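Computed from the coordinates by the stated procedures, all read-outs in this text should not be read as laboratory data. From a predicted model like this one, the values you see are computed outputs, not experimental measurements. Neighbour counts run over all protein chains shown; Cβ positions are idealised from the backbone, glycine included.
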Amino acid sequence: MLDTMTFTKVLGGFCGALLIFLLGTWAAESLYRVGTYGEETAAYVIDTGEEEAAAETETADAEEVAEPETPFVQLVAQADASAGESVWRQCAACHAIEEERNGVGPHLNGLIGREIASIDGFRYSGALPEEGAWTWENLDPWLEAPREFASGTSMAYGGLADAEDRANLIAYLYSYTEGAELPEAEAAAAPAEEAPATEEAATEEAPAAEETEMAAVETETVTEEAATEEAATEETTDEAPAETEMAAAADDASGGGEMSEFAQAVANGDVDNGASVFRQCQACHVADQEQNRVGPHLVGIIGREIGSVEGFRYSGALPEGEWTVDEMNAWLEAPRDYAPGTTMAYAGLRDMQDRADLVAWLKSLEN
């Protein structure tokens, strides 16, 4: 048992230690904290860089918000079907597209314009819309989040978060639907929005332009006669080479015979537009190397024997002969009419100028 003196010493030691601790705390706060009642400010601040990083993040977020988002319809109109084929590999385990064969999921051949949940013999799951057809408008939310689009679906796929990937995949689905055409890009919107600023600038520059025009009129009056004579001389000199060049292009396009309307369109074709049109074909064909895909390669196709690519198994009743520009015209316009029984899913190009530009581009690759 502790006597009274021992207990008193223990208690006194404890109280003394507590007092020293409290005094030390008060001294530390006095040294490192300043301020008035209700407001405290750190006497010494350590720079960790967090504030600067937060400011940079806010600036970057503000810039992202400022950038206008590209409308999805424009992404679809400018989509790359060949890139969509790469995205399609994520779907190929459950769906077929080249033939009407159901797997874990229904086949997607001819999907665009088909009624939703309309495949006979396939048991659909989830709350799919009861009416309507598949279009790029409803394929977008379906591909982005299948479980939100059709609550309760047993489809295990989580969805495509990237809008460009969805657009490319939709373009690939379009290539396997007869008669389906991608929407046209709404390119006129941007120039229309910029028109007021352009008009304002033109108004401000009008006085200076008028002065310049007055000076130009005086100069033109003096030099007009000399310029007219020089232009006439150049026109006479250049006329013959230009006509010769056009005739050579026309003769080459027609294969040396009488020139058809389509051959003339090919001779005057826009190869840049032809390269754009080829995007509809590149999911199945390549034109820059001798490599067969779903369809045969198109290297040197003009003048090549029809159905002559070694190692490729053709389908349908293809005619005998060579691929000329006119034969290409008939084939591109309606493949199934040109070669009955073909398994080619592409429905054809309706616009003759697009067909001519595409052939002109294929011919340009031979040079």
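When Val271, Val266 are ordered from fewest to most other Cβ atoms inside 10 Å of their Cβ, what list results? Numbers along the way, then the final one.
Details: Val271 16, Val266 30.
The fewest-first ordering by Cβ neighbours comes to Val271, Val266.
Just rank Cys94, Cys284, Cys15, fewest to most, by other beta-carbon atoms within 10 angstrom.
Numbers: Cys94 15, Cys284 20, Cys15 10.
The most exposed by this proxy come first: Cys15, Cys94, Cys284.
Suppose a student asked you for the relative contact order of region 72-174, using Cα pairs under 8 Å spaced at least 6 residues apart; what percent would you report?
On the way: 150 pairs, mean separation 38.7, N = 103.
Answer for region 72-174 is 38 percent.
How large is Rg over Rh for region 261-364, taking Rg from the Cα atoms and Rh as the Kirkwood inverse mean of 1/r across Cα pairs? Each step should come with its number before you reach the end.
On the way: Rg = 12.7 Å, Rh = 13.7 Å.
Reported Rg/Rh (Cα atoms, Kirkwood Rh): 0.92.
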